[in-house]
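Q: Once you've had a glance at the structure underneath, I'll fire off some questions.
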Amino acid sequence: MFADRLSYLRSIKKKTQQEMADAIGVTRPAYTAYESGNRKPDYETLNKIVDVLETNADYLLGRTDDPSPYRNKSDHDIEFEDIIGHPVHGAFFKGYLDAPEEKKEQMRQFLKFILEQERDRKPGDRQDQ
């Protein structure tokens, strides 16, 4: 499974085996052995592969079918980034990217408060319910 997923992700990223080998600091034959299943990378090399292919180790190792890279962010942080990037909703946080860190934190806390208030609300409910 590791070898198949490694080869698949490399092809999606349009990288050659030599480019991958150079990026992770191994020889091309060593990298080819990873893709053929004849050799397994050590922990450090696995981390480099994950970074280069912008994936996660659990996907490569067959523990999940989601190849998305892990984010070390809370759900609120991810949601906030999605909202400020939205063409309509993001206007509410105009200037966020240029704001000082203290102001950014205030904006994030404000949105967190709003999201917590709205979390259990169902479509059609009034805002004061």
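Q: Scan segment 9-24 for residues that are of a type in the set (S, T, N, Q) and modelled with pLDDT under 95 and jot them down. Don't jump to the end; show me each part of the working.
A: Filtering segment 9-24 for residues of a type in the set (S, T, N, Q) gives 11, 16-18.
Once the filter is applied, which keeps residues that are of a type in the set (S, T, N, Q) and modelled with pLDDT under 95, segment 9-24 yields only SER11.
Q: Quick check on my filter: what residues within segment 34-63 are among the hydroxyl-bearing types (Ser, Thr, Tyr) and open to solvent by 40 Å² or more (accessible area, probe 1.4 Å)?
A: Result: SER36, TYR43.
Q: Give all pairs with beta carbons closer than 7 Å in which a residue from segment 82-104 that is without any contact (Cβ under 8 Å) to a residue 60 or more places away in the chain meets a residue that is in a helix (DSSP H, G or I) and small (Gly, Ala, Ser); count only pairs at least 6 apart in sequence or on separate chains.
A: Going by the 7 Å Cβ cut-off, the qualifying pairs are ILE83/GLY90; ILE84/GLY90.
Q: Just wondering, is there one or more residues in segment 112-121 that are among the aromatic types (Phe, Trp, Tyr) and either over 30 Å from LYS14 (Cβ atoms) or at pLDDT below 80 (or both)?
A: yes
Q: Another one. Would you please name the residue that is farthest from the chain's Cα centre (by Cα), looking only at residues in segment 15-54 that are assigned to a loop (DSSP other than H, G, I, E, B), more than 15 Å from MET1 (Cα to Cα) and of a type outside the set (A, V, I, L, M, F, W, C)? Full working, then the answer.
A: Here is the first cut: in segment 15-54, the ones assigned to a loop (DSSP other than H, G, I, E, B) are 15-16, 25-27, 37-42, 54.
Then drop every residue that is not more than 15 Å from MET1 (Cα to Cα), which leaves 15-16, 25-27, 42, 54.
Restricting the remaining residues to those that are of a type outside the set (A, V, I, L, M, F, W, C) gives 15-16, 25, 27, 42, 54.
Numbers: LYS15: 20, THR16: 23, GLY25: 23, THR27: 28, ASP42: 22, GLU54: 7 Å.
Applying the filter and picking the extreme gives THR27.
Q: If the requirement is being at pLDDT 80 or above and in a loop (DSSP other than H, G, I, E, B), which of these qualifies: ASP65, ASP58?
A: Just a single option satisfies the conditions, and that option is ASP65.
Q: A further question follows. Return the total of residues in segment 1-33 being in contact with a Gly (Cβ under 6 Å, 6 or more places away or on another chain) and either open to solvent by 30 Å² or more (accessible area, probe 1.4 Å) or acidic (Asp, Glu) (or both).
A: 1
Q: Filter segment 68-96 for residues that are assigned to a loop (DSSP other than H, G, I, E, B) and either in contact with a helix residue (DSSP H, G or I) (Cβ under 6 Å, 6 or more places away or on another chain) or modelled with pLDDT under 70 (or both); which is least open to solvent (accessible area, probe 1.4 Å)?
A: SER74
The values are calculated or read from the model by the stated rules, or taken from the named source; none is laboratory data. Everything numeric here is computed off the predicted structure, so don't read it as measured data. When we count neighbours, we look across all protein chains shown, and the Cβ atoms used for this are built from the backbone with ideal geometry, even at glycine. Please note that ligands, DNA and RNA were not included when accessible areas were found on the heavy atoms of the full protein model with its side chains. Shrake-Rupley method; radii C 1.70, N 1.55, O 1.52, S 1.80 Å.
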